[in-house]
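Contents: one structure, followed by commentary.
The values are calculated or read from the model by the stated rules, or taken from the named source; none is laboratory data. This one's a predicted model, so the numbers in the text were calculated from it and none came from an experiment. With ideal geometry, Cβ positions are generated from the backbone for all residues, glycine too; neighbour counts draw on all protein chains shown. We work out accessible area using only protein heavy atoms, side chains counted, and drop any ligands, DNA or RNA first. Shrake-Rupley method; radii C 1.70, N 1.55, O 1.52, S 1.80 Å.
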Amino acid sequence: MTPRSGAGGVGATWARGHGLTLARGEASDVDTHPGLARALADGIERGYDGPPPAFPESSEWYRVRQARRTIGVLVLGRDCPEPGAAAVLAVAIDPDARGFALATKALLVMERQLAREGVTRWVARVPRTNGRGLYFMLRAGLTPIPPRDDGDATWFARNARA
């Protein structure tokens, strides 16, 4: 993986704003934060009780932190769907912290940091079984874009180009 500005090791701050910090994390963070496991499962479908979602090994994990407490996770893919772009593979907030627009704020913080790094385009993926997630992306100002190879998801972008 190419080093990124401010990426650092696990726990290092990657981006900050709107009262949140996005800090480098790893997939195993979910094992120590039960609320994150529930949040990721809800990202498939609210109340989902099956296996956790799978993400590519190259995915970057970020802890969404508020007041020094991990309240969510953001999973990012680089060079997806094309070189130089990024894809939000998951943004999930602990059920105990929901209702305060924290996922939207995390996307805004991420978007600003990606722009600083020269990433001008990012997209987001939502499983079609996640009705709340589909609605969330619309409320966050993203627009559905034409389907990708992944037939079980809807993809969104800040602007409507594919």
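Read through the list (1) without any contact (Cβ under 8 Å) to a residue 40 or more places away in the chain; (2) not in a loop (DSSP other than H, G, I, E, B), then give the number of the only condition that V64 fails.
If we test V64 against (1) without any contact (Cβ under 8 Å) to a residue 40 or more places away in the chain; (2) not in a loop (DSSP other than H, G, I, E, B), just (1) comes out false.
Listed residues A27, A85, A140; which is aliphatic (A, V, I, L, M), touching a residue at least 12 places away in the same chain (Cβ under 8 Å), in contact with a Ser or Thr (Cβ under 9 Å, 6 or more places away or on another chain) and surrounded by fewer than 16 Cβ atoms within 10 Å (Cβ to Cβ)?
Exactly one residue qualifies, and that residue is A27.
Does any residue of the range 97-104 turn out to be surrounded by fewer than 19 Cβ atoms within 10 Å (Cβ to Cβ) and either part of a helix (DSSP H, G or I) or β-branched (V, I, T) (or both)?
Checking the range 97-104: at least one residue is surrounded by fewer than 19 Cβ atoms within 10 Å (Cβ to Cβ) and either part of a helix (DSSP H, G or I) or β-branched (V, I, T) (or both).
Residue check: is D79 out of contact with any His (no Cβ under 9 Å at 6 or more places or on another chain), open to solvent by 70 Å² or more (accessible area, probe 1.4 Å), among the charged types (D, E, K, R) and closer than 21 Å to D152 by Cα?
Yes.
Kindly list the number of the only condition in (1) of a type in the set (V, I, T); (2) over 16 Å from A97 (Cα atoms); (3) open to solvent by less than 30 Å² (accessible area, probe 1.4 Å) that fails for V73.
It fails just one condition, (2).
Quick test of your reading of the structure: P53 fulfils all but one of (1) closer than 21 Å to G131 by Cβ; (2) crowded, with 17+ Cβ neighbours inside 10 Å. Name the failing condition by number.
(2)
Among L108, L114, which is the only one that is open to solvent by 50 Å² or more (accessible area, probe 1.4 Å) and either of a type in the set (K, R) or part of a helix (DSSP H, G or I) (or both)?
Among L108, L114, only L108 is open to solvent by 50 Å² or more (accessible area, probe 1.4 Å) and either of a type in the set (K, R) or part of a helix (DSSP H, G or I) (or both).
Given (1) outside any helix (DSSP H, G or I); (2) within 14 Å of the chain's Cα centre (by Cα), where does T120 come up short, assuming only one miss?
(2)
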